[in-house]
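Visitor: The structure that follows is given in the form of structure tokens.
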Amino acid sequence: MNHELSQGPKLPYEDPAPKAGSSGFDTYAANYDAELNKGLKISGESKEYFARGRLCHLRKRLEHLDHLPENILDFGCGTGSSTSLFFELLDARGIRGLDPSTSSLEVARSAHPDTRVSFATSGKGWESSCDLAFCNGVFHHIPPAERQAALATVRRTLKPGGLFAFWENNPWNPLTRLAMRLVPFDADAVLVWPHEARRLLRENGFEILQSDYLFFFPRFASPLRKFEGCLSWLPLGGQYLILCRRSD
């Protein structure tokens, strides 16, 4: 359950780059993991467990569609904690990370000096450059009135027919709600219900291909995780994925 986008009014789809300190996540850039773990501890797992689980599940869906991407947009990339996993698990050739938090991007650039990776606060110049866009736990930090503009940026960055992996925290899951209450930077989050997310995506130029739910069992019930692949239809997992395609 990753949350790496600002609660503030400056968001990465705005053309002007936000000023330093304008993002609420600038405050948490240096100790992001420690703050996030306040919520994740109830699951008994680390953020790495969830990050790897998301991308392993996504790879299966992409392989089924015969669509392994070369260039990926990480929308709301924060400190770039998923960057290495995109290369490892999705065989990406290039990553473009977009986030309004200048302090978070400083951490990301320091951790990933690879020339195949770019980080920015604005998507200018990235139009139609990516085969896949990815976000996780981002849209509950974007005010509802500004979500359409955020999706417009994602859509502009995708190539025609490009895919968008939209991951969000599932409001139907009580452990997810409890975890978010324990994380300081989730205090003002506005959860996105799955049906609302599908409607929003359809209305803003995306064709829905698949909806899945993941992370049903905390660590103490880990023997049951072997059944998660059969439960992806059940709307009780800790997170959900909506995989969609840019429609043209």
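Visitor: For region 56-78, name all the residues that are under 14 Å from G137 (Cβ atoms) and out of contact with any Asp or Glu (no Cβ under 7 Å at 6 or more places or on another chain).
Guide: We begin by selecting, within region 56-78, every residue under 14 Å from G137 (Cβ atoms); these are 74-78.
Answer for region 56-78, where residues must be under 14 Å from G137 (Cβ atoms) and out of contact with any Asp or Glu (no Cβ under 7 Å at 6 or more places or on another chain): D74, F75.
This table checks each residue for (1) in contact with a Ser or Thr (Cβ under 8 Å, 6 or more places away or on another chain); (2) closer than 29 Å to I42 by Cβ; (3) crowded, with 17+ Cβ neighbours inside 10 Å.
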position: A145; (1), (2), (3): no, no, no
position: T157; (1), (2), (3): yes, no, yes
position: L163; (1), (2), (3): no, no, yes
position: T176; (1), (2), (3): no, yes, yes
position: M180; (1), (2), (3): no, yes, yes
position: V192; (1), (2), (3): no, yes, yes
position: R199; (1), (2), (3): no, no, no
position: S211; (1), (2), (3): no, yes, yes
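Visitor: Which condition number in (1) surrounded by fewer than 16 Cβ atoms within 10 Å (Cβ to Cβ); (2) over 19 Å from R155 (Cβ atoms); (3) in contact with a Ser or Thr (Cβ under 7 Å, 6 or more places away or on another chain) is the one that E127 fails?
Guide: For E127, the failing item is (2).
Visitor: Let me ask another. Against the definition (out of contact with any Cys (no Cβ under 6 Å at 6 or more places or on another chain), more than 30 Å from S128 (Cα to Cα) and at pLDDT 95 or above), how does L163 come out, yes or no? If you could, list the steps in order and put the result at the bottom.
Guide: On the way: out of contact with any Cys (no Cβ under 6 Å at 6 or more places or on another chain): yes; more than 30 Å from S128 (Cα to Cα): no; at pLDDT 95 or above: yes.
Judged against the criteria, L163 is not a match.
Visitor: Does region 79-119 hold any residues that are crowded, with 16+ Cβ neighbours inside 10 Å, under 13 Å from C130 (Cβ atoms) and among the charged types (D, E, K, R), and which are they?
Guide: Selection gives R96 alone.
Visitor: When you scan region 191-237, how many residues do you find that are within 16 Å of P174 (Cα to Cα), of a type in the set (F, W, Y) and under 18 Å from the mean Cα position of the chain (by Cα)?
Guide: Within region 191-237, residues that are within 16 Å of P174 (Cα to Cα), of a type in the set (F, W, Y) and under 18 Å from the mean Cα position of the chain (by Cα) number 3.
Visitor: Another one. Any idea how many residues of region 174-216 are closer than 19 Å to A51 by Cα, out of contact with any Pro (no Cβ under 6 Å at 6 or more places or on another chain), of a type outside the set (D, E) and at pLDDT 95 or above?
Guide: 4
Visitor: Only one of A150, A133 is crowded, with 22+ Cβ neighbours inside 10 Å, within 13 Å of D74 (Cβ to Cβ), within 15 Å of the chain's Cα centre (by Cα) and not polar (S, T, N, Q); which?
Guide: Numbers: A150 fails: within 13 Å of D74 (Cβ to Cβ).
On inspection, the qualifying residue turns out to be A133.
The values are calculated or read from the model by the stated rules, or taken from the named source; none is laboratory data. Note that the structure is predicted; figures quoted are calculated from it, not measured. Here the Cβ is made from the backbone with ideal geometry for all residues, glycine too, and neighbour counts use every protein chain on show.
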